[in-house]
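Input: a single structure, listed below in structure tokens.
The values are calculated or read from the model by the stated rules, or taken from the named source; none is laboratory data. What you see is a predicted model, and the numbers here were worked out from it, not measured in a lab. Glycine gets a Cβ as well: all are built from the backbone with ideal geometry, and neighbour counts include every protein chain shown.
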Amino acid sequence: MIRLGLIVNPLAGIGGAVGLKGSDGAATVSRALALGAEKKAGLRTLQALKLLVPLQEQCEFVTCPGEMGAIWLEQAGLSCTVLDLTLVAANQTCREDTLEAARLMLKEALDVLLFAGGDGTARDICSVVDNTLPVLGIPAGVKIHSGVYGITPVASAEVICQLVKGGLVDMRESEVRDLDEDAFRRGVVRARHYGDMRVPAVGHFIQAVKQGGAEVEELVLADIAATLQQEMEDGCLYLMGSGKTTQAIMAAMGLEGTLLGVDAILDGQLVGCDLNEQGILALLDNYPIRQAVLSVMGGQGHIIGRGNQQFSVTVLTRIGRDNINLVSTKTKITALAGRPLVIDSGDSRFDTDWAGTMEILTGYQDRILYPVG
């Protein structure tokens with residue numbers, strides 16, 4: 001089950017059709033409405049949501065009241081949980097409503113946050129969410145300079161469809177940019193970078209496959225190893241799971257790992273080899289900062305419960321879901337044909353709690369987002 005948040009800025013783009021070159025600020029909105037402007041953001045959101053209706057059994061939506069989300073999900077025939085969001089004003093939403101909605105969404109354990117708006121909305125979302133969770137914009141504004149939106153509402157929906165179906169969906173750091181509207185109205189284009197957010201996108205790999213491209217496994221494993229080495233933090237304990245992929249990472253570091261066991265690395269040195277559950281727990285007692293590196297089992301897609309039972313529910317709970325690093329080649333993920341990754345810990349409640357989506361390191365600074373069943 002993929003858990004999706006939805007925030008709609010119903011006033012996004014309202015100034016465009018009446019020639020106001022933007023929609024920022026209460027004065028601009030009032031003027032646009034006085035000129036006869038119509039709200040279009042909700043309808044553009046509805047375009048995207050209709051594509052998700054066939055996948056509704058695999059999606060769970062969390063949204064805002066009324067025009068900020070619930071109305072459009074209802075019109076699309078999609079059920080949802082509505083946040084307890086009290087709007088600043090009863091008759092018209094504002095920037096503060098978007099900010100508060102984003103803050104509430106951070107508490108909802110989402111896989112992806114969808115939002116409809118323009119660059120101003122993206123700025124607001126970024127100021128709260130930053131890079132803590134994947135976001136994807138449904139374009140509905142006058143100015144769309146930020147790289148966090150789909151090309152069209154339908155394109156945004158297609159990315160979510162690919163994710164739900166288990167397609168290869170890249171994770172990218174994309175810029176949030178916005179124009180100075182006052183300067184723009186004077187004919188001066190002045191854009192500013194306001195931050196970056198993590199955005200799921202159907203990436204170049206699918207295109208390359210159509211052109212006959214193929215991965216060279218040894219090179220990909222070297223790229224994965226190089227990225228992980230660069231990202232390793234001093235003083236952090238790394239528990240390396242079993243498998244050829246993690247073995248390649250160990251070899252790239254000049255360390256002799258255990259192919260079918262669990263090893264521990266601290267500051268580039270082995271501090272534990274072929275550890276059992278108790279050995280791992282003993283290390284966790286001594287090192288409060290820790291991460292685990294797990295590979296995807298080829299053909300079956302297991303990440304927990306096949307060949308790495310040392311990572312028990314007790315161990316995994318202490319490590320935490322956010323501290324799990326998944327590694328795999330894209331060839332191995334493609335071979336799953338859209339089937340989700342599998343957690344088979346022996347505890348059904350734990351397996352359900354850890355379901356959703358997880359990022360997988362698949363190359364040099366290259367990650368995809370993929371469903372976990």
Exercise for review: Check off (1) modelled with pLDDT under 70; (2) surrounded by 15 or more Cβ atoms within 10 Å (Cβ to Cβ); (3) part of a helix (DSSP H, G or I) for Ser23 and give me the number that stays unchecked.
Suggested key: (3)
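Please go through the stretch 221-253 and pick out each residue that is among the hydrophobic types (A, V, I, L, M, F, W, C) and part of a loop (DSSP other than H, G, I, E, B).
Taking the stretch 221-253 first, the residues among the hydrophobic types (A, V, I, L, M, F, W, C) are 221-222, 224-226, 228, 232, 236-237, 239-240, 248-253.
Met232, Cys236, Met253 - these are the residues of the stretch 221-253 that are among the hydrophobic types (A, V, I, L, M, F, W, C) and part of a loop (DSSP other than H, G, I, E, B).
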Check your understanding: Has the stretch 177-188 got at least one residue that is of a type in the set (D, E, K, R), surrounded by fewer than 19 Cβ atoms within 10 Å (Cβ to Cβ), part of a loop (DSSP other than H, G, I, E, B) and at pLDDT below 65?
Key -> yes
Review point. Name the residues in the stretch 137-169 that are modelled with pLDDT of 90 or more, farther than 22 Å from Lys40 by Cα and not small (Gly, Ala, Ser), would you?
Key: Cys161, Gln162, Leu163, Val164, Lys165, Val169
Check your understanding: Among Gln365, Gln269, which is the only one that is under 19 Å from the mean Cα position of the chain (by Cα) and surrounded by fewer than 16 Cβ atoms within 10 Å (Cβ to Cβ)?
Key -> Gln365
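Counting residues that are of a type in the set (Val, Ile, Thr), which helices (runs of 4 or more DSSP H) fully inside the stretch 264-373 reach at least 2?
313-319, 330-334
Can you work out which of the residues in the stretch 279-300 that are of a type in the set (Gly, Ala, Ser) and farther than 20 Å from Met232 by Cα is surrounded by the fewest Cβ atoms within 10 Å (Cβ to Cβ)?
Gly299
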Practice item. Could you list all residues from the stretch 193-228 that are modelled with pLDDT of 80 or more, surrounded by 12 or more Cβ atoms within 10 Å (Cβ to Cβ) and under 30 Å from Val128 (Cα atoms)? Key: Tyr194, Gly195, Asp196, Met197, Arg198, Val199, Pro200, Ala201, Thr227, Leu228
Point to revise | All positions within the stretch 167-176 that are of a type outside the set (A, V, I, L, M) and not in a loop (DSSP other than H, G, I, E, B) | key: Asp170, Arg172, Glu173, Ser174, Glu175
Review point. Could you say whether any residue in the stretch 149-166 is within 17 Å of the chain's Cα centre (by Cα), crowded, with 24+ Cβ neighbours inside 10 Å and not in a helix (DSSP H, G or I)?
Key: yes
Practice item. Could you list all residues from the stretch 324-335 that are surrounded by fewer than 21 Cβ atoms within 10 Å (Cβ to Cβ) and hydrophobic (A, V, I, L, M, F, W, C)? Key: Ile324, Ala335
**Study point:** From the options Ile343, Ile333, Ile303, residue that is in contact (Cβ under 8 Å) with a residue 12 or more places away in the chain, more than 23 Å from Tyr238 (Cα to Cα) and of a type in the set (Val, Ile, Thr)
**Key:** Ile333
Exercise for review: Tally the residues that are farther than 16 Å from Leu259 by Cα and either crowded, with 18+ Cβ neighbours inside 10 Å or in contact with a Phe, Trp or Tyr (Cβ under 9 Å, 6 or more places away or on another chain) (or both), restricting the search to the stretch 306-319.
Suggested key: 6
Review point. If you take the residues of the stretch 233-249 that are among the hydrophobic types (A, V, I, L, M, F, W, C) and at pLDDT below 90, which of them is surrounded by the fewest Cβ atoms within 10 Å (Cβ to Cβ)?
Key: Ala248
Exercise for review: Could you please let me know if Ser345 is in contact with a helix residue (DSSP H, G or I) (Cβ under 8 Å, 6 or more places away or on another chain), buried (at least 22 other Cβ atoms within 10 Å of the Cβ) and at pLDDT below 95?
Suggested key: no
